[in-house]
Structures are given as C-alpha cells and as structure tokens.
Amino acid sequence: MKYKEISKQNSAAELERTLDGFRESLRRFRFAVSQGKTKGVKAGRESRKDIARVLTRLSQMKRT
C-alpha cells in the first residue's frame, strides 16, 4: 500500500484496522517461513514497510 492510499484514510480507526490487517499478514508470513512454505522474503519486507507507513501516518495525525 502506497503512502497516498494511506493518507486518504481520514480516521484513526480506519488506520488502526489497516494496521491490524498488516500485522496479521506479517504474522502469517513468519509462520509460513518457519514451516518452510515460503521461499521469498519480499512479502515480509513489504509488510514491514506498510506497517511503518501506517504508524507514521498515525503519529502525524496525533501531532496535529
């Protein structure tokens, strides 16, 4: 998810739900890697970056 898509979500509740979804997908990815079902690590990297983007947007909203 790009930053432009994240910035369109106006409420903190929507961002929290999005953040929960990204964290759940990262958790599933980590279990899949530990079980040997996933070979690539690009999906995990993207999930971590998406989580960071959402957290950054949330902190910006709280400052203003």
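Evaluate the following for G21: is it touching a helix residue (DSSP H, G or I) at 6+ places or on another chain (Cβ under 7 Å) and modelled with pLDDT of 90 or more? No: the conditions fail for G21. Does E16 fit the bill of being touching a residue at least 12 places away in the same chain (Cβ under 8 Å) and not hydrophobic (A, V, I, L, M, F, W, C)? It is true that E16 is touching a residue at least 12 places away in the same chain (Cβ under 8 Å) and not hydrophobic (A, V, I, L, M, F, W, C). The helices (runs of 4 or more DSSP H) found entirely in the chain that carry 2 or more residues being buried (at least 16 other Cβ atoms within 10 Å of the Cβ) and under 15 Å from the mean Cα position of the chain (by Cα) are 12-34, 42-63. Restricting attention to segment 1-11, which residues are of a type outside the set (K, R) and more than 9 Å from R57 (Cβ to Cβ)? If the condition is that a residue be of a type outside the set (K, R) and more than 9 Å from R57 (Cβ to Cβ), then M1, E5, N10, S11 are the ones that fit.
The values are calculated or read from the model by the stated rules, or taken from the named source; none is laboratory data. None of the values given here were measured: they were computed from a predicted structure. Glycine gets a Cβ as well: all are built from the backbone with ideal geometry, and neighbour counts include every protein chain shown.
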